[in-house]
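Structure first, then comments.
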Amino acid sequence: MKVTVFLSTMVVAITVGLLAAGQWEAQAGQTGSDFKVLAPIRHGNLTVFPVVTSASHDTGSFLTLDEGLKSGEVEVTESGRIRGLIRRPPHGGVVHPAYPVHDGAQVNTLVLINNSKRPLVLLAGEIVTGGKQDRVIAKDRIVPPESDPIDLDVFCVEPGRWVGTSEKFTAGLPSAAMAAPSVRGSAMASKNQQQVWSQVAKTREEMTSQMRIEAPAAAPVIADTTSYAKVMGNPDVRKKLDSVAGSVEQEYSSTIRQLRDQNAVGVVVAVNGQIVWADIFASTSLLEKYWPKLVRSYATDAVVTRAKGAQVSEKAAQEFLENLHGRHETVDSEPGLYRHTEVSGDGFKAFELTSLLPKTGFALHVAKMVE
């Protein structure tokens, strides 16, 4: 069910701008805001502000894509390539025949099956590699336990290939499992394949230019591939990303451990002195699962943006986090499963994934980007 609602700024701020126990409770301009930005962690032109909250939720029942693909409980394949997927019905019921195999692959659709007994969380920007092209997930969503095959909206991040390398997809390489905010934002906000391809090409070109300076032998290799995952997985590129992300990852991981009682749940991210992104989760444990690939995605944009700008203040990061006054709200809902809300405001877009499963009713993830 898709509903598009046009609301006044005040109504959107009240209905969408609150998120604790399922709603954003950060109230702009008031003390006691539910989300608090802490002192920044900086490395070069990458700045990360830890975010803590007074309210956290139990997310232990949720499965991540990395966990599901690693265990084999989650399968991702090209549309039309499902085979041998016979779900055994309970209590000795009739077994339905396997889905037929045919080459009906489509650029912007994959098929996913969650065979686990846990609901699966998918985040926009997560990359899966394989099939006829590497893809990036287009939006946050929840897939129910033991699901039937579902169509998964994706964008291609490898425009130069349409030949199958494997029937099944795997998680992207460690350094490329989450697209950089510039690519991720194109998928989430523009929802346009050509714009995603353009941003992938721009990132590849800028990374090639950077490697010509720091690792000349790697530059022609990077320039010759159209695969975003292969660019990010290049050993010299990974070394560069680790040099930026490693210290930030370790320092923030230490912060998470020290602030576990304060519920560290997210970050506000600045590159080259400009705030670009925020990721907020329902719990510290959920953040910890995504943190290694998130920090490398932020580092990617920092590496390809070589200039250094002024430093961003905690006050500016706090204001960015709290400002959700929007002009337009779009809601995409699967009753009893999840609600995905997109809010457009002056100079930003925000995306909230709320679980509607029993005993939940809270936001699992919120992403906010600068436009």
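The values are calculated or read from the model by the stated rules, or taken from the named source; none is laboratory data. None of these values were measured; they are calculated from a predicted model. Glycine gets a Cβ as well: all are built from the backbone with ideal geometry, and neighbour counts include every protein chain shown. These area figures cover heavy atoms from the full protein model, side chains too; ligands, DNA and RNA do not enter into them. Shrake-Rupley method; radii C 1.70, N 1.55, O 1.52, S 1.80 Å.
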Segment 172-190: number of residues that are at pLDDT below 90 and closer than 28 Å to VAL331 by Cα
2
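Out of the residues in segment 151-163 that are part of a strand (DSSP E or B) and open to solvent by less than 30 Å² (accessible area, probe 1.4 Å), state the one that is farthest from GLN195 (Cα to Cα). Before the answer, list the steps.
Of all residues in segment 151-163, those part of a strand (DSSP E or B) come to 151-156.
With the extra rule that they be open to solvent by less than 30 Å² (accessible area, probe 1.4 Å), the set shrinks to 152, 154-156.
Working: LEU152: 19, VAL154: 13, PHE155: 10, CYS156: 11 Å.
Checking each candidate, the answer is LEU152.
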Output the residue which, of all residues in segment 107-132 that are assigned to a loop (DSSP other than H, G, I, E, B) and farther than 19 Å from MET188 by Cα, is nearest to the chain's Cα centre (by Cα).
PRO119
If I filter segment 309-324 for residues that are part of a loop (DSSP other than H, G, I, E, B) and either free of Cβ contacts under 8 Å to residues at least 24 places away in the same chain or within 20 Å of the chain's Cα centre (by Cα) (or both), do I get at least one hit?
yes
Which of the numbered conditions does HIS102 fail, given that it passes all the others? Conditions: (1) part of a strand (DSSP E or B); (2) of a type outside the set (Ser, Thr, Tyr); (3) at pLDDT below 85.
(1)
What's the number of the only condition in (1) modelled with pLDDT of 90 or more; (2) more than 20 Å from the chain's Cα centre (by Cα); (3) among the charged types (D, E, K, R); (4) closer than 30 Å to GLY361 by Cβ that ARG260 fails to meet?
(1)
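Given the condition touching a residue at least 12 places away in the same chain (Cβ under 8 Å), out of contact with any His (no Cβ under 6 Å at 6 or more places or on another chain), under 21 Å from MET188 (Cβ atoms) and open to solvent by less than 10 Å² (accessible area, probe 1.4 Å), answer yes or no: does some residue in segment 281-289 qualify?
Taking segment 281-289 and keeping what is touching a residue at least 12 places away in the same chain (Cβ under 8 Å), we get 281-289.
In the following step, the residues that additionally are out of contact with any His (no Cβ under 6 Å at 6 or more places or on another chain) were identified as 284-289.
Right, trim to under 21 Å from MET188 (Cβ atoms) and you get 286-287, 289.
After this cut, where a residue has to be open to solvent by less than 10 Å² (accessible area, probe 1.4 Å) as well, the list is 286-287.
Looking for residues that are touching a residue at least 12 places away in the same chain (Cβ under 8 Å), out of contact with any His (no Cβ under 6 Å at 6 or more places or on another chain), under 21 Å from MET188 (Cβ atoms) and open to solvent by less than 10 Å² (accessible area, probe 1.4 Å), one finds at least one in segment 281-289, hence yes.
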Reported set for segment 139-168 where residues are under 22 Å from the mean Cα position of the chain (by Cα) and at pLDDT below 80 is PRO159, LYS168
